[in-house]
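Here is the structure we will look at, set down as structure tokens.
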Amino acid sequence: MRTKISRTIDNPTHFKQQLLQWSQQFREVVFLDSNDYKQNYSSCDCTLAVDAFTSIKTDFSKAFDELKQYQQQSKDWLFGYLSYDLKNTTEHLQSNNFDGLHFPDLFFFQPKKLFLLNGNQLEILYLNMVDDEVESDFEEINLQNVESKTQIVTPSTVEVQQRVSKENYISKISNMLEHIHRGDIYEVNFCMEFYAENATIEPIEIYQKLNRISKPPFATFFKNDMQYLLSASPERYLKKAGNKIISQPIKGTAKRFSEATLDENSKIALEQNPKERSENIMIVDLVRNDLSHTATKGSVKVEELCKIYTFEQVHQMISTVVSNVENTTSAVEIIKTTFPMGSMTGAPKISAMKIIEELEETKRGLYSGAVGYFTPDNDFDFNVVIRSILYNAKEKYVSFSVGSAITSLSNPEEEYEECLLKARAMFEVLS
């Protein structure tokens, strides 16, 4: 079905930029970059999928059923996203908040052209119908002059506004704390949107700036015609490798400092912070429960608990939870029984999602959903869509959201400051 060709790349960093530049001619693009970040279970240094042969686009109502059928029939590489609002098909929930982006709830495509880069080794996988284009495409990619492109800065017309004022935010957090003290929930992730209307941006330039200052392990440039995701996500949602399932939730954030001693102290303080650890452990318990729905008996384990990872903008507390599944277990069923990810909802999950819908003012859509891919071998890998800018070029609407976990120990002022810390990179690249 696919022609496989291998190449050795002299300068992988430069070639990644050329790949991304070349991809802009296509309607459908998924570009995934690990930024050479060293962590367990890395799949590929860089992946590019372009040009849909087939695709699926649907709302939440039958999304998982249609995706399962599409994935099992194609038996090929599929790239795309799951929006947060697929929660409405797994539970009796709704999404009635304002939506300025109007993305489909689910979108996947089967690429005609696929590139997998590991180190300096490149695999090119073209559907047989277009395999005669490999050599000319490879030559065209190598002719991309990324140096001249990166020197051009296109003026952006972006006036970012805040959907929820500080006073309103603090009031909403106080409301959530009342739910917690009543015992309705014990943790919830509350998010707020920043947005710009009548905005014109150059997506590839914004993505490159965001990736350059963040260098996360799950960076994503996604394009579906005039809809874009520019993501600097540090978080993996879920991966399947053979019979093994891996989830790596993030809960716990601390500032970076330019002075080494202050930076190390911030890292140690995060590691020892009882509130941050309790947030993380609560979500680990939720993930363990989610994985148990498809796991073989006794296989759910916590491989890493509350480990501190350092990124360009922040320190993060990450845990790794794993399980095993039977060969006969559907890949889509594993996703369905764990979605949305616990790090973006709360616990108990359903109660938390109801309160989120009640108190948030924006439909989350693709934010706090997941982008990734399925392989022909029934494996998959998906990130968590956070630290991301969403753009509908047709509607001229730009959006990014940030959030934090609210527990009984939360201080509303401190939670607000954490949100602004997470928003810093997006503000910087849009200013």
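Of the residues Lys209, Lys240, only one is in a strand (DSSP E or B), among the basic types (Lys, Arg) and touching a helix residue (DSSP H, G or I) at 6+ places or on another chain (Cβ under 9 Å); which? Steps first, answer last, please.
Details: Lys209 fails: in a strand (DSSP E or B).
Result: Lys240 is the single residue among Lys209, Lys240 that is in a strand (DSSP E or B), among the basic types (Lys, Arg) and touching a helix residue (DSSP H, G or I) at 6+ places or on another chain (Cβ under 9 Å).
Hey, does segment 58-71 have a residue that's in contact (Cβ under 8 Å) with a residue 12 or more places away in the chain and in a loop (DSSP other than H, G, I, E, B)?
Scanning segment 58-71 turns up at least one residue that is in contact (Cβ under 8 Å) with a residue 12 or more places away in the chain and in a loop (DSSP other than H, G, I, E, B).
Quick one: is Ser399 over 18 Å from Ile355 (Cα atoms) and either of a type outside the set (Asp, Glu) or out of contact with any strand residue (DSSP E or B) (no Cβ under 8 Å at 6 or more places or on another chain) (or both)?
Details: over 18 Å from Ile355 (Cα atoms): yes; either of a type outside the set (Asp, Glu) or out of contact with any strand residue (DSSP E or B) (no Cβ under 8 Å at 6 or more places or on another chain) (or both): yes.
Yes.
Here is a yes/no grid of residues against (1) part of a helix (DSSP H, G or I); (2) open to solvent by 20 Å² or more (accessible area, probe 1.4 Å); (3) under 21 Å from Pro217 (Cα atoms); (4) at pLDDT 95 or above:
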{"site": "Ile245", "(1), (2), (3), (4)": "no, no, yes, yes"}
{"site": "Asn265", "(1), (2), (3), (4)": "yes, yes, no, yes"}
{"site": "Asn289", "(1), (2), (3), (4)": "yes, yes, no, yes"}
{"site": "Leu305", "(1), (2), (3), (4)": "no, yes, yes, yes"}
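Say whether the condition of being of a type in the set (Asp, Glu), over 11 Å from Gly252 (Cβ atoms) and touching a strand residue (DSSP E or B) at 6+ places or on another chain (Cβ under 9 Å) is met by at least one residue in segment 313-332. Talk me through it step by step, then tell me what you get.
Our first condition is that a residue be of a type in the set (Asp, Glu); within segment 313-332, this holds for 326.
If we keep only those that are over 11 Å from Gly252 (Cβ atoms) as well, we get 326.
From what's left, touching a strand residue (DSSP E or B) at 6+ places or on another chain (Cβ under 9 Å): none.
No: zero hits.
Which condition from (1) of a type outside the set (A, V, I, L, M); (2) part of a loop (DSSP other than H, G, I, E, B); (3) closer than 30 Å to His315 by Cβ is the one that Phe31 breaks?
The failed condition is (2).
Filter segment 225-235 for residues that are more than 15 Å from Gly80 (Cα to Cα), part of a strand (DSSP E or B) and either modelled with pLDDT under 95 or not aliphatic (A, V, I, L, M) (or both) and give the result.
The answer is Ser233, and nothing else.
Conditions tested, residue by residue: (1) among the aliphatic types (A, V, I, L, M); (2) surrounded by 22 or more Cβ atoms within 10 Å (Cβ to Cβ); (3) under 19 Å from Gln24 (Cα atoms).
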| residue | (1), (2), (3) |
| --- | --- |
| Leu48 | yes, yes, yes |
| Asp51 | no, no, yes |
| Ser74 | no, no, no |
| Gly80 | no, yes, yes |
| Tyr84 | no, yes, no |
| Thr89 | no, no, no |
| Asn97 | no, no, no |
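Scan the strands (runs of 3 or more DSSP E) fully inside segment 332-431 and keep the ones with 2 or more residues being in contact with a Lys or Arg (Cβ under 7 Å, 6 or more places away or on another chain).
Working: elements: 370-374, 380-383, 388-392, 397-406.
Of the strands (runs of 3 or more DSSP E) lying wholly inside segment 332-431, those with at least 2 residues that are in contact with a Lys or Arg (Cβ under 7 Å, 6 or more places away or on another chain) span 380-383, 397-406.
The values are calculated or read from the model by the stated rules, or taken from the named source; none is laboratory data. Computed from a predicted structure; not experimentally measured. All Cβ positions, glycine included, derive from the backbone under ideal geometry; neighbour counts span all protein chains shown. Each accessible area value is taken on the protein alone, full model and side chains, heavy atoms only, with ligands, DNA and RNA left out. Shrake-Rupley method; radii C 1.70, N 1.55, O 1.52, S 1.80 Å.
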